[in-house]
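Structure, as structure tokens:
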Amino acid sequence: MEQAFPSVFWLEDILALFIILLAILLTIFNLPGNTLLLLGYLGYILVDEPRYLNMQTVLLMVLLYALGEIWDFSISYLGIKREHISWLAVTFIGGGTLVGTCIGTLFLPVLGSVIGGAAGAFLAAFIYQYWCTRDTQDAYSLAFKAARNQFIALIGKLVVTVLIACLFARQIFSCN
């Protein structure tokens, strides 16, 4: 028996691929790519629950999402907080990271955002510590730790994003 309407599963595949690529790019720019993947998958479930719902995939994606967020917060913010600085300083360093990410992205998309984020954290931490202590050695020490923590946090979150993207792709593409 012929279908009355041609299959539109290829549109779903293109949308899924777009969501995956956008999520990875958002994560590289220190934006909520994991959230986009999770909401994208839940959207597919809402559209066609019997076809896309797999509770093991949902639970694994939610677990990975939570681990990615905990990793990012723990490494970038709590990691630098261990240096006995105020929450205002942590916020200032986070702002420096965001500005550095944006500037790095303008000059060198993708890789520039990683380098820019670490450089922004470095510069913000250096400025803060030098302003408070007037000691360049202390300022360099805190700045290197902030840059290292930011880089490690971003790489870890990017790994989690790729894992969630693989789960998303496996579930969507295997059903079409």
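Placing +1 on each Lys and Arg Cβ and -1 on each Asp and Glu Cβ, with no other charges, gives segment 12-174 a dipole about its Cα centre of roughly 380 debye. Nearest 0.05, what FRET efficiency do ASP13 and VAL62 give at R0 = 22 Å with Cβ-Cβ as r? About 0.40, to the nearest 0.05.
Here the residues PHE168, PHE18, ranked from fewest to most Cβ neighbours within 10 Å of their Cβ, fall in the order PHE18, PHE168.
Placing unit charges on the Cβ atoms of the charged side chains and taking the dipole of segment 1-92 about its Cα centre, the candidate lying farthest along the positive direction among LEU67, LEU38, ALA89 is ALA89. Cβ-to-Cβ counts within 10 Å put ILE93, ILE115 in ascending order as ILE115, ILE93, the fewest first. For segment 12-174, the residue among ILE20, VAL162, GLY112 whose Cα projects farthest onto the positive side of the dipole built from Cβ charges is GLY112. In terms of its C-alpha gyration tensor, segment 10-128 has an oblate overall shape, because the principal axis ratio a/c (a ≥ b ≥ c, square roots of the eigenvalues) is not below 1.5 and a/b does not outweigh b/c. So what is the 222 nm mean residue ellipticity for the chain from helices alone, if each DSSP H run of at least 4 adds -39500 (n - 2.57) and you divide by all residues, rounding to the nearest 500 deg cm²/dmol? Result for the chain: -27500 deg cm²/dmol, rounded to the nearest 500.
The numbers here are math on the coordinates, done by the rules we state, and not lab data. All figures in this text were calculated on a predicted structure; none of them were measured in a lab. Please note: Cβ atoms are built from the backbone with ideal geometry, for glycine as well, and neighbour counts cover all protein chains shown.
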